[in-house]
Amino acid sequence: MKSVLYTCPFVPAEWIAACGLDPMRMTPERAGEGMPAGVCPFAAAFIHAASTTNACAIIVTTVCDQMSRSAEIIEARCETPVFLMNVPATWRTEEAAKLYRDELARLGRFLEDLGGAKPTPEQLIETMLHYDSLRAKRRADDETARPKGLPLILAGGPLRSTDIEIFDLIEQAGGTVVLDATAGGEMTLPAPFDRARLASDPAGELADAYFARIPHAMRRPDNQLHEYLNRELTARGARGVIYRRYQWCDTWHGEAGRLKDSLPAPVLDLVAGDDESDRAHVLTRIQAFVEMLK
Amino acid sequence: MNDTPAQITLDQWDERYDQLRSAGLVEPSYGGPLRRHLADGDTRLAHLRYDNSPAALRLWNFLLTEEDRLRDARAAGAKIVGAMKDLGTVAVMACSMDNVVAFYPDGAWWIPCMMELGAGLLNIADSLGFDESFCPVRAMLGAFVTGEHFPRPDLLTCSVGATCDDFSAIAQRIEAMGEKIVWWEAPHRRRPDRGETPVELPGGFVAPQCQVDFVRGELQRVADALADLTGAKLDSHMLAAGIEAANRVRAVLRELRQLAYTAEPCPMGALEMLIAEMLAIHFCSDRTESIAVLDGLLDEVKRRVDAGLGVARPGAARIFWINPVADLRVMNLLEECGGRICGTEYLFPHAIDKIPTDIEPMEALARMALADPMIGPSAGRAARICDDISKFGAQAAVISRISGASHCAMEGTVIADRIRKNLGVPVLEIETPPLSDSMRPTLKTRLEALVEIVKRQKG
Ligand code: SF4
Ligand code: SF4
């Protein structure tokens, strides 16, 4: 089956799958050289990985300035068709929601051009139910995992595959991540589908579960993100938040100060660059943070 | 009275001002010697070189008295609208209504330069978590905190979506501090897909009608907010009249640019032209007066062109300048290095294009908003820049990277490559902070080298 590459949490995997293609959500590796100074390391890593993909198409979203611009850089570097999907920053108006729904329809036409097929409502419902159950299992697994150390929330920008070691560093420092609230983690999973609506308007339910419900730093206003983290801090008994963002990422950087001011628990603000030697420094900072919380 | 064009210092302006006054200079209410603005803290003025015409004096005084104008408007009962991240759209709407004054909070961008960091706005932004990895517009955050550089707006709007992340993040922080913001979405402009109705936008980009319709809906929400603020509806007739007035500003500016950027010798300096261009976005809080100020500047430029006079030596290297520069002094430096401005793209060429008048006014504004080169692919912006470089006959381009700006890292390369490939014109990329004095020798060397390359090519 032809695969379609993407990384943004606002791209519904079930929509690609229902069109008969294989959704391949990528967690890019650290990029090599070749990007100008000032480019966010995650966007650089995505550009690098997407430009060398075997997938039949790449979906990029307008989730931030750098990602929007990444689309044309990837297009210039490879032959693979690129679809730039408009994800509105505003989310409280019917017009913004409609724009997102229209973009899903446009994505559907793009996928059809690649050899996909427009799904029937029954196919879409079946695919949505399948993905919904996978996510429900993931949530249940996360919730039943018993914290071994001090319960912490890991929040912030998306992780590259090489960044996953932050979970180990947190454990080494005596903490446990009880919620992955990075862009790409549990926080950015779509809401569980409303079964009644699913039966009558699957496309509408799909759009709403993603567009109306995913808290992300790019949304204007951004209160969903703050409400989510406040709520989950209490619900998960977390004692602090490790907030990890990339250098040159204004979207997640912009939230750091306010989260520190408003969350009812301490926040450790970690800036991730591209330097491997940061590891020891990061570990020391996490250790100090955990010590302080104990 | 000596009317020979020259670029003079602030000290020289003192003497020049007295001479002009003795010769019967008549000034508007905001007139006066330039030096008085130093007392307001605009200390950068002491390091700039200015055009010596009364028209330039009026331009500078108009610019530097905007805060007074806004406070007077408030005192007179006008409603004040802060149109954030708005390059010539919401201001046109707001100014179409009676008793409403729009201003551009983003203008705080230049306060750290003008006050040589004396206002402490960047320190305030730092303390709120917005460090130098953000563009200089973070000074606006400081300005909202101190309340010292503009009055608190009665209504604050901000475009988001395909606009820059710097601004979106900073505006969000401002909202979190208690300022209510009407957010409106600017979608990433794209080419029409198969089966979609294409619309040609002012400036030549093409977008699908559905995107124009969407923006139109967003602007209608802004119009509704204006109606809530004033108790009066912004109807089509009012908006058409507002568009006509905005088009007058744009028409004068287009003529001014055409003359100032093509005549030989260069009839008006880079600095004054930069400020003149900025008037197109927000009218410096007084649309009628901005037309008068630009008319004055245009008359002066015409006089000089007719007389074969200018401020730069004939044969100066013809440079196309891309992006506004955080330190205004760099515009003087270009001229000191033997260059002159020959075309610009300060992020808002669509705010200089004529707003269509043969279609429904809100539709016209929506098309204009969607024509913003910053909300579409960098390649589109680069193509328009290339056209303008050819049109103005520039011999080289300077891309003035804006430190911290989320768009600069990727688009700078796209634009530079396109110019080199399509036009074979040399391109210099520089990056300047709000105060560039410490890097002045390096900047000077690089600009001189560019001028030298141009001269060698000519030879
Ligand atoms: S980390 Fe930030 S800048 Fe980088 S791609 Fe994500 S939102 Fe954009
Ligand atoms: S200079 Fe660039 S990054 Fe800064 S506010 Fe303007 S468009 Fe945004």
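The values are calculated or read from the model by the stated rules, or taken from the named source; none is laboratory data. Every value quoted in this text rests on a predicted model; they were computed, and no experiment measured them. Note that each Cβ is placed from the backbone with ideal geometry, even for glycine, and that neighbours are counted across all protein chains shown.
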Across (1) under 21 Å from the mean Cα position of the chain (by Cα); (2) surrounded by fewer than 21 Cβ atoms within 10 Å (Cβ to Cβ); (3) within 23 Å of A:GLU232 (Cα to Cα); (4) more than 14 Å from chain B (Cβ to nearest Cβ), A:HIS130 clears everything bar (3)
Just to be sure I understand the filter: pairs with C-beta atoms under 8 Å, separated by 6 or more residues or on different chains, first member in segment B:106-134 and within 16 Å of ligand 1 (Cβ to nearest atom), second member among the β-branched types (Val, Ile, Thr). Which pairs pass? B:PHE130/B:ILE170; B:PHE134/B:ILE170
Any residue in segment B:70-93 that's assigned to a helix (DSSP H, G or I): show its pairings with residues that are among the basic types (Lys, Arg) and away from ligand 2 (no atom under 16 Å from the Cβ) at Cβ separation under 6 Å, as long as the two are six or more apart or on different chains. none
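Considering only segment A:39-60, how many residues are part of a loop (DSSP other than H, G, I, E, B) and either within 14 Å of chain B (Cβ to nearest Cβ) or under 23 Å from B:ALA409 (Cβ atoms) (or both)?
The first filter runs over segment A:39-60 and keeps only residues part of a loop (DSSP other than H, G, I, E, B), leaving A:39-40, A:52-56.
From what is left, the residues that are either within 14 Å of chain B (Cβ to nearest Cβ) or under 23 Å from B:ALA409 (Cβ atoms) (or both) are A:39-40, A:52-53.
Result for segment A:39-60: 4.
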Would a scan of segment B:172-188 turn up a residue that is within 14 Å of ligand 2 (Cβ to nearest atom), within 13 Å of B:ASP106 (Cβ to Cβ), surrounded by 21 or more Cβ atoms within 10 Å (Cβ to Cβ) and modelled with pLDDT of 95 or more? yes
Hey, B:VAL90 hits all of (1) modelled with pLDDT under 95; (2) within 16 Å of ligand 2 (Cβ to nearest atom); (3) over 24 Å from A:LYS260 (Cβ atoms) but one; which does it fall short on? (1)
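Of the residues A:ALA71, A:ALA76, A:ALA105, which single one is touching a Phe, Trp or Tyr at 6+ places or on another chain (Cβ under 9 Å), assigned to a helix (DSSP H, G or I) and within 12 Å of chain B (Cβ to nearest Cβ)? Full working, then the answer.
Working: A:ALA76 fails: touching a Phe, Trp or Tyr at 6+ places or on another chain (Cβ under 9 Å); A:ALA105 fails: touching a Phe, Trp or Tyr at 6+ places or on another chain (Cβ under 9 Å).
Going through A:ALA71, A:ALA76, A:ALA105 in turn, just one is touching a Phe, Trp or Tyr at 6+ places or on another chain (Cβ under 9 Å), assigned to a helix (DSSP H, G or I) and within 12 Å of chain B (Cβ to nearest Cβ): A:ALA71.
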Condition test on B:LEU121, is it in contact with a Pro (Cβ under 8 Å, 6 or more places away or on another chain) and surrounded by fewer than 22 Cβ atoms within 10 Å (Cβ to Cβ)? no
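Being more than 9 Å from every other protein chain (Cβ to nearest Cβ) and in contact (Cβ under 8 Å) with a residue 12 or more places away in the chain is the filter here, so list the residues in segment A:88-102 that pass it.
Step one: list which residues in segment A:88-102 are more than 9 Å from every other protein chain (Cβ to nearest Cβ), which gives A:91, A:94, A:97, A:100-101.
Answer for segment A:88-102, where residues must be more than 9 Å from every other protein chain (Cβ to nearest Cβ) and in contact (Cβ under 8 Å) with a residue 12 or more places away in the chain: A:TRP91, A:ALA97, A:TYR100, A:ARG101.
With segment B:347-459 as the region, which helices (runs of 4 or more DSSP H) entirely inside it contain at least 1 residues that are buried (at least 23 other Cβ atoms within 10 Å of the Cβ) and within 16 Å of ligand 2 (Cβ to nearest atom)?
Working: elements: B:361-370, B:378-392, B:408-423, B:440-458.
By residue number, B:361-370, B:378-392, B:408-423.
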Looking at (1) surrounded by fewer than 20 Cβ atoms within 10 Å (Cβ to Cβ); (2) not in a helix (DSSP H, G or I), which is the only condition B:THR344 fails? (1)
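Does segment B:253-274 hold any residues that are more than 15 Å from the chain's Cα centre (by Cα) and buried (at least 22 other Cβ atoms within 10 Å of the Cβ), and which are they?
First, pick out the residues of segment B:253-274 that are more than 15 Å from the chain's Cα centre (by Cα): B:255, B:258-269.
The answer is B:ALA260, B:TYR261, B:CYS266, B:PRO267, B:MET268, B:GLY269.
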Given the conditions (1) more than 18 Å from the chain's Cα centre (by Cα); (2) within 16 Å of ligand 1 (Cβ to nearest atom), every one holds for A:GLY237 apart from (2)
Residue that is buried (at least 22 other Cβ atoms within 10 Å of the Cβ) and within 13 Å of chain B (Cβ to nearest Cβ), where the choices are A:ASP261, A:ASP269, A:ASP222: A:ASP222
Filter pass, B:GLN220 being assigned to a helix (DSSP H, G or I), under 17 Å from A:ALA105 (Cα atoms) and among the polar types (S, T, N, Q): no
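Can you name every residue in segment A:240-255 that is surrounded by 18 or more Cβ atoms within 10 Å (Cβ to Cβ) and within 12 Å of ligand 1 (Cβ to nearest atom)?
Here is the first cut: in segment A:240-255, the ones surrounded by 18 or more Cβ atoms within 10 Å (Cβ to Cβ) are A:240-246, A:248-255.
Those that are surrounded by 18 or more Cβ atoms within 10 Å (Cβ to Cβ) and within 12 Å of ligand 1 (Cβ to nearest atom): A:ARG244, A:ARG245, A:TYR246, A:TRP248, A:CYS249, A:ASP250, A:THR251, A:TRP252, A:HIS253, A:GLY254, A:GLU255.
Wholly within segment A:193-294, which helices (runs of 4 or more DSSP H) include no fewer than the required count, namely at least 1 residues that are among the aromatic types (Phe, Trp, Tyr) and under 25 Å from B:ALA169 (Cβ atoms)? Quick ask: steps written out before the conclusion?
Values: elements: A:195-200, A:202-207, A:223-235, A:250-262, A:278-293.
The qualifying helices (runs of 4 or more DSSP H) are A:223-235, A:250-262, A:278-293.
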It is to be established whether one or more residues within segment A:16-38 are buried (at least 18 other Cβ atoms within 10 Å of the Cβ) and within 12 Å of another protein chain (Cβ to nearest Cβ). yes
Collect the residues in segment A:39-56 that are more than 16 Å from ligand 2 (Cβ to nearest atom) and surrounded by 24 or more Cβ atoms within 10 Å (Cβ to Cβ), keeping them in residue-number order. A:PHE42, A:ALA44, A:ALA45, A:PHE46, A:ILE47, A:ALA50
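Among what's in segment B:388-416 and is without any contact (Cβ under 8 Å) to a residue 60 or more places away in the chain and more than 9 Å from chain A (Cβ to nearest Cβ), pick the residue that is nearest to A:ARG77 (Cα to Cα). Steps first, answer last, please.
Step one: filter segment B:388-416 for residues without any contact (Cβ under 8 Å) to a residue 60 or more places away in the chain, giving B:390-391, B:409-414, B:416.
If we keep only those that are more than 9 Å from chain A (Cβ to nearest Cβ) as well, we get B:390-391, B:416.
Working: B:SER390: 27, B:LYS391: 30, B:ALA416: 17 Å.
Ranking the candidates gives B:ALA416 first.
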Test result for A:ALA207, more than 28 Å from A:GLY149 (Cα to Cα), surrounded by fewer than 22 Cβ atoms within 10 Å (Cβ to Cβ), in contact (Cβ under 8 Å) with a residue 40 or more places away in the chain and more than 14 Å from ligand 1 (Cβ to nearest atom): no
Output yes when any residue across segment A:95-106 is buried (at least 23 other Cβ atoms within 10 Å of the Cβ), more than 16 Å from ligand 1 (Cβ to nearest atom) and either farther than 23 Å from B:SER378 by Cα or within 18 Å of the chain's Cα centre (by Cα) (or both), and no when none is. yes
If a residue has to be more than 23 Å from B:ILE402 (Cα to Cα) and of a type outside the set (Asp, Glu) to count, how many in segment B:161-186 make the cut? 8
